[in-house]
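Visitor: My structure is below; once you've seen it, I'll send some questions.
Just so it is clear, none of the values below were taken in a lab; they were calculated from the coordinates. Keep in mind it's a predicted model, so treat the numbers as computed, not measured. Using ideal geometry, Cβ is built from the backbone for each residue, glycine included, and neighbour counts are taken over all protein chains shown.
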Amino acid sequence: MNAINLQSAENARQEWLESRRLGIGGSDVAAILGLSKYKSPYQLWLDKTSRSELEDSQSEAAYWGNTLEDIVAKEYAKRHGVKVQRVNKTLEHEVHHWARANIDRAIINPEIAGNVRIKNGKLTTDRILECKTANQYLAKLWGDEQTESVPDYYLTQCQWYMGITGASLCDLGVLIGGQKFRTYQIAFDPELFEMLIEQCSEFWHEHVLADVPPAPTTFDDVLHRWSKHNPDQAVEADSELAQIITEYKELNSTIKEASGELDALKLQICTRMEDAEMIIAEEKRLATFKYQERNTLDSKALKAAHPEIYEQFLKTSSTRVLRVS
């Protein structure tokens, strides 16, 4: 690919990233519902209100997911004897224009001549295809093939796309661990889609358009929203907050006790192993105790020997720390 094509591809990606801020897409639904493992509602709000950086770089998993999308689509088509088609257009709900869909593929209906088209805002097919890749360690989240037993964050995405495109079925092809290919079929659920529309509409209108952040759901959300403290301000604890602090202290004490018990068990296991590499039972490995090496920087020695270099690369980080008395 030459420099012109690379620049064109980068421009197209930037336009796509910008367009995601114009509404709610399929991958946003899980975040709004608190089902996403990648993004909280608050982080999504930062994104939609242009308070976060555009994701101009992809994670390794996202890169390979995009790279393998075409392979998954072709494998699905071959195994099921159908033709699939790209839809290079963002589709909008006919009433809720902020509800948007960028589907992976449309499955061509053999009873309709020609390719899939967009007519009155809907696709001229009742089947769409989503292409996924999954880590082998997440294989347990996928149930029997040809069922709807898929992770919730993909189930909501498929329902969202069907509600917008007018499709009645969404097939999902997934390559697990790079070597296991499975397919699933999800039927449109009008009641579930209406629930998704209601929840996402509330997020879009009451938080994004109103510019009001949703409540934090992770500690990272809290640290981002209130990164510094006001030394002249104190919160008077009501009965509810006092009870929460009491429960926190009790649980923290339990964790410390459990940590001590864990260290004692670890000592017993390693003492029994001596210099053996592993513990086995009925030819099954139960534990390993291996020697490892790793290189670390001796910052104290560096500071003593080369203080000017140490100061040059010194990085200061700050965060708020919770301490309960």
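Visitor: Any cysteines in the chain with zero other Cys Cβ atoms under 4.7 Å from their Cβ? List them, or say none.
Guide: Cysteines lacking a close Cβ partner in the chain: Cys131, Cys200, Cys270.
Visitor: So what's the gap between the Cα centers of segment 62-88 and segment 211-263, to the nearest angstrom?
Guide: Rounded to whole Å, the Cα centres lie 45 Å apart.
Visitor: Shifting gears a bit: Looking at Ala61, Gly81, Tyr38, which one has the Cα that reaches farthest to the positive end of the dipole of segment 3-220 (charges on Cβ: Lys, Arg +1; Asp, Glu -1)?
Guide: Of Ala61, Gly81, Tyr38, it is Gly81.
Visitor: Please compute the modelled spin-label separation between Arg225 and Thr147, points set 7 Å along Cα→Cβ, answer in nm with one decimal.
Guide: It is 3.8 nm.
Visitor: Here's a follow-up. Counting only helical runs of four or more DSSP H residues, what would the 222 nm mean residue ellipticity of the chain come to if each run contributes -39,500 (n - 2.57) and the total is spread over all its residues?
Guide: Estimated from H runs of four or more residues: -13000 deg cm²/dmol.
Visitor: Additional query: In the structure shown, do any of Lys132/Lys228; Lys48/Lys228; Lys256/Lys303; Lys37/Lys303 have a Cα-Cα gap over 31 Å, and if so which?
Guide: Details: Lys132/Lys228 40 Å; Lys48/Lys228 24 Å; Lys256/Lys303 35 Å; Lys37/Lys303 40 Å.
Beyond 31 Å between Cα atoms: Lys132/Lys228; Lys256/Lys303; Lys37/Lys303.
Visitor: Now for a separate question. Taking every DSSP beta bridge that has both residues in segment 3-220, what percent is antiparallel when rounded to the nearest 5?
Guide: Counting only bridges with both partners in segment 3-220, antiparallel ones make up about 65 percent.
Visitor: Another question, then. Cα-Cα pairs above 39 Å in the chain: how many percent?
Guide: 37
Visitor: For segment 84-214, rounded, prolate or oblate, judged on the Cα gyration tensor with a ≥ b ≥ c (square roots of eigenvalues), a/c < 1.5 rounded, else prolate if a/b > b/c?
Guide: Working: a/c = 2.05, a/b = 1.16, b/c = 1.76.
In terms of gyration-tensor shape, oblate.
Visitor: Still on this structure: When the Cα centres of segment 141-174 and segment 35-53 are compared, how far apart do they sit, in Å?
Guide: Each part's Cα centre sits 23 Å from the other's.
Visitor: Normalised by the residues of segment 174-325, what does the relative contact order come to in percent, with Cα pairs under 8 Å and at least six apart?
Guide: 17
Visitor: For Gln268, what charge total do you get from the other residues with a beta carbon under 13 Å from its beta carbon, if Lys and Arg give +1 and Asp and Glu give -1?
Guide: Working: positive: Lys266, Arg272; negative: Glu261, Asp263, Glu274.
Taking every Cβ under 13 Å from that of Gln268, the sum is -1.
Visitor: If you count, for each residue, the other Cβ atoms within 10 Å and average over each peptide, how do 143-150, 173-180 line up from highest to lowest?
Guide: 173-180, 143-150
Visitor: Relative contact order for the chain: what is it in percent, counting Cα pairs under 8 Å that are at least 6 residues apart?
Guide: On the way: 371 pairs, mean separation 47.9, N = 325.
Once divided by the residue count of the chain, the mean separation gives 15 percent.
Visitor: Taking a ≥ b ≥ c as the square roots of the eigenvalues of the Cα gyration tensor of segment 244-325, is the shape rounded (a/c under 1.5), prolate (a/b larger than b/c) or oblate?
Guide: oblate
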